[in-house]
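Visitor: After the structure tokens below, expect a handful of questions from me.
Nothing in this text is a laboratory measurement; each read-out follows from the coordinates by a stated rule. As the structure is a computational prediction, the values presented were derived from the model and not from experiment. When we count neighbours, we look across all protein chains shown, and the Cβ atoms used for this are built from the backbone with ideal geometry, even at glycine.
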Amino acid sequence: MTAIELVVLDMAGTTVRDDGVVERAFQRAAERTGVADRMPWDQALQYVRDTMGQSKIEVFTHLAGGDRVAAERATAAFETAYDEIIAEHGAEEIPGARAAIEQLRNDGVQVALTTGFAPVTRDALLEALGWRDLVDVALSPVDAGRGRPHPDLVLAALLRTGASSVQAVAVVGDTASDVLTGRRAGAGFVAGVLTGAHDEAALLGAQPDAVLRSVADLRPVLAERGLLAAAPLASEPASAAR
């Protein structure tokens with residue numbers, strides 16, 4: 001088995017608490033631009049939920065019936081709305097996320113954060129959390145080519161960090177798109193977490209190697225499976241994986 005050299009973590013719902021922020025930002029964007037007016041509101045909202053984790057421009061392009069200009073306006077409105085909500089309420093980590101990242105880096109594992117957000121929103125989140133120096137790299141779809149569920153973000157993280165192979169990469173996220181991204185990239189370990197948008201059934205449908213309660217359980221599971229070089233076995237790994 002190949003030891004993990006790089007862990008690629010999603011942001012909202014995986015390492016950063018969402019608590020409905022994405023949906024509220026979508027509602028503000030839809031109200032301000034009318035991007036979802038062509039379909040019933042409940043249908044538009046369900047599509048947003050189903051595609052959580054994917055590039056926002058692609059989501060809005062679908063909602064706009066393929067109108068890329070309208071999608072770009074809506075995406076800009078979404079990013080503005082998300083920034084407003086973070087400014088109003090602040091940003092919080094998923095409990096234990098920072099500690100988990102620090103432990104992995106202490107083990108010699110590099111950590112990348114990836115997101116479907118534009119760089120301006122990604123960086124606002126990092127600033128609000130005080131995480132600018134916490135990880136090795138943070139990437140948005142514009143940095144990689146295509147967003148999830150394409151493999152580009154994972155492969156771009158590998159290239160940026162110099163990991164030796166895709167088998168040495170672990171991918172973790174709270175949506176089926178995150179899991180599919182890891183699978184399509186050929187990552188050595190792919191896990192879903194239950195702290196975000198999708199439930200266990202949806203995550204399992206994308207065929208992860210494990211479904212974890214949260215990112216805080218990642219390192220013990222990697223250690224239990226012998227995927228951390230010289231890492232000690234965790235005391236309670238079995239209860240973390242399903």
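Visitor: Is the C-alpha gyration tensor of segment 119-203 telling us rounded, prolate or oblate? Criteria: a/c under 1.5 is rounded; beyond that, a/b larger than b/c is prolate, otherwise oblate.
Guide: oblate
Visitor: So for the pair Thr2, Arg146, with labels modelled 7 Å out along Cα→Cβ, what separation do we get in nm?
Guide: 2.1 nm
Visitor: Ranked highest first by the average count of other Cβ atoms within 10 Å around their residues, in what order do 103-111, 176-184, 53-61 fall?
Guide: So the order, starting with the most tightly packed, is 176-184, 53-61, 103-111.
Visitor: Rounded to the nearest angstrom and ordered from largest down, what semi-axes does the equivalent ellipsoid of segment 100-242 get from its C-alpha gyration tensor (root of 5λ)?
Guide: So the three semi-axes of segment 100-242 are 22, 18, 15 Å.
Visitor: Sum up the charges of everything whose Cβ sits under 9 Å from the Cβ of Pro141, counting Lys and Arg as +1 and Asp and Glu as -1, but leave Pro141 out.
Guide: 0
Visitor: When ranked by the protection proxy of mean other Cβ atoms within 10 Å per residue, highest first, what sequence do the peptides 214-220, 124-130 form?
Guide: Ranked from most to least packed, the peptides come out as 214-220, 124-130.
Visitor: Treat segment 31-189 as a sphere of radius equal to its Kirkwood radius over Cα pairs and apply Stokes-Einstein at 20 °C in a medium of 1.002 mPa s; give the translational diffusion coefficient in µm²/s, rounded to a whole number.
Guide: Once the numbers are plugged in, D ends up at 128 µm²/s.
Visitor: Oh, and also: Please report, largest first and rounded to whole Å, the three semi-axes of the ellipsoid equivalent to segment 3-111, where each semi-axis is the square root of five times an eigenvalue of the C-alpha gyration tensor.
Guide: 32, 15, 11
Visitor: Once you have a ≥ b ≥ c as the square roots of the Cα gyration tensor eigenvalues for segment 102-166, tell me rounded if a/c is under 1.5, and otherwise prolate or oblate according to whether a/b is larger than b/c.
Guide: Oblate, because a/c is 1.5 or more while a/b does not exceed b/c.
Visitor: Based on the alpha-carbon gyration tensor of segment 130-179 and its eigenvalue square roots a ≥ b ≥ c, which shape applies: rounded if a/c is under 1.5, prolate if not and a/b is larger than b/c, or oblate?
Guide: rounded
Visitor: Summing +1 for each Lys or Arg and -1 for each Asp or Glu, what net charge is found among the other residues whose Cβ lies under 13 Å from the Cβ of Arg32?
Guide: Counting the neighbours of Arg32, the net charge comes to -1.
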